[in-house]
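What follows is a short report on a single structure.
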Amino acid sequence: MDRKGPESRLRMTSLANNQARGAMPLQKSEAVMNALVDELKSDHERFRRYVSAFERETTLLANGELSDYSLIQQLAEFFSALPDEAHHKIEDIIYVQLAERLADDMSGQGDNLHELFDLCSDHQDMAAFAETFREGVAQMLSGAELPRAELAELSVQYIQHFRTHMFNEELHFFPLISEFLTSDDWEQIDSKIEAVMGDARLSGKVSDVEALESSLLAHLQSSH
Ligand SMILES: [Fe+2]
Ligand SMILES: [Fe+2]
């Protein structure tokens, strides 16, 4: 699996910054944009695999057929940790930059961006869903009465929301950023990503999520 972590992303964007003095050269900004969009799309492929595994496990849970809760617990923990993963942080930064760019655009594309797709709110909603589900699984594992129907309903909503979210990003968000963001925008995005991911790495959150994902991947591979 081609898995570039946030560290490699930072190295790539730092290179862009080192070479830029003043405005970033256009081809360099395009290289940064293409690398980031490729990375986000590659993340989606991994996330789709986890969502499918989650769907399989929660279907078994809903039917009372799940005997081993360890995988569903790992999936719930990973999903609830996603706000600390690079993917959503980077998308939020790019989305805010896009909203600012489209606010200045006279073509009308920016008028309905939030109605079309409010990416940051979606990320917050998904995080809240995932945290509620993680707490429910934790209660279940600590011996509380199994809130199976509640968890099953929550998981159906979460899975649908997650899939629609990624679909909308690929249908609307990625094409808009490719079309409208300028080399100056990418220079600002580059700096913001470095600052945000630098803080996240220093706090240990990035390595925590990477460790969660590594053990989740090992579990998925061993269960096939
Ligand atoms: Fe997203
Ligand atoms: Fe995404």
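Just so you know, all these numbers are worked out from the coordinates, no wet-lab data involved. From a predicted model like this one, the values you see are computed outputs, not experimental measurements. Neighbour counts run over all protein chains shown; Cβ positions are idealised from the backbone, glycine included.
Please give the Cα centre distance for region 156-198 versus region 44-88, rounded to the nearest Å.
That distance is 23 Å.
Can you list the GluC sites (Glu not before Pro) in region 114-216 that are in a DSSP coil and have 11 or fewer other beta carbons within 10 angstrom?
E145
Residue separation times 0.36 nm, minus the C-alpha to C-alpha distance between Y69 and R46: what's the value? Write out the running numbers ahead of the final one.
Numbers: separation 23, 0.36 × 23 = 8.28 nm, distance 2.13 nm.
That pair, Y69 and R46, stretches by 6.2 nm at full extension.
Q160 versus L220, label points 7 Å from Cα toward the beta carbon: distance in nm?
Once both label points are built, they end up 2.4 nm from each other.
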